[in-house]
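Take a look at the structure below.
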Amino acid sequence: MEQPSHDLRPFQSTAVQSTERRGISIGIVALIHVVAIYALATGLASQLVQKGLEEIKAEVVQEKPPDLPKTPPPPPPELQKPPPPFVPPPDINLQTEAPTQNTITQVTTAITPPPPPAPKVQQAPPITTPVSVGKPHECQSKYPPLAMRLGHEGTVLLGMTVGQDGSVSNVHVLQSSGHDELDQGAVSCASSWHYKPATQGGQPITHEWQASVKYKITG
């Protein structure tokens, strides 16, 4: 049995036409993308966006209303000045001076008697000095032998205490002769001296006394 034959040419031509249209549309889309990318790269798109915004701003700006005439402010209210405060006049009291009476005042003067004279201070009676008893005191006759051999000479000043009985104590050197043997010899010699004691008001007293002893080698 034979198959019926079909003519496929009309269907083939239609398929070819659809394929060509699809290729053209893809090419147009690709071209649009290329142009858009180029515009972004060169800043064309930003300029277009800025111009669009300016046009939108220009459309949004509204017209200013006409200036209205300014009305002057109302004048301030007049303030009435308060009346001055009332000050009552002061009360004046006139006092009359009372007549002065002559009064006699008694003035008493007290006379202070002079102070009594100060009692006289009794001066102490003078003190008499000790006086040597017998021959004048000397130590030349008791010349120290060592000082004699060495040829030492000099004067010794002695201090001593003369008691109420005339005895001598506490003999010491006040000024040295420069030689120890002469000083010691003078102290030993003066310790045996005896005095008439010093008196005060006729009474014997203990008294501090000084005496000098001179040593000199005679030929």
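Read-outs: derived from the displayed coordinates by stated rules, not from any lab. Everything numeric here is computed off the predicted structure, so don't read it as measured data. Glycine also receives a Cβ, built like all others from the backbone with ideal geometry; neighbour counts cover every protein chain displayed.
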>> List the pairs from LYS135/LYS196; LYS142/LYS196; LYS196/LYS216 whose alpha-carbon separation is above 21 Å, in the order I gave them.
In response: LYS142/LYS196; LYS196/LYS216
> Hey, could you pull the Cα Rg and Dmax for segment 131-215, both in Å?
Replying inline: 13.8, 49
> About its Cα centre, what dipole magnitude does segment 131-215 give when the only charges are +1 on Lys and Arg Cβ and -1 on Asp and Glu Cβ, stated in debye to the nearest 20?
Replying inline: 240 debye
>> Just to confirm a number: summing +1 for Lys and Arg and -1 for Asp and Glu over residues other than LYS214 whose beta-carbon lies under 10 angstrom from that of LYS214, what do you get?
In response: -1
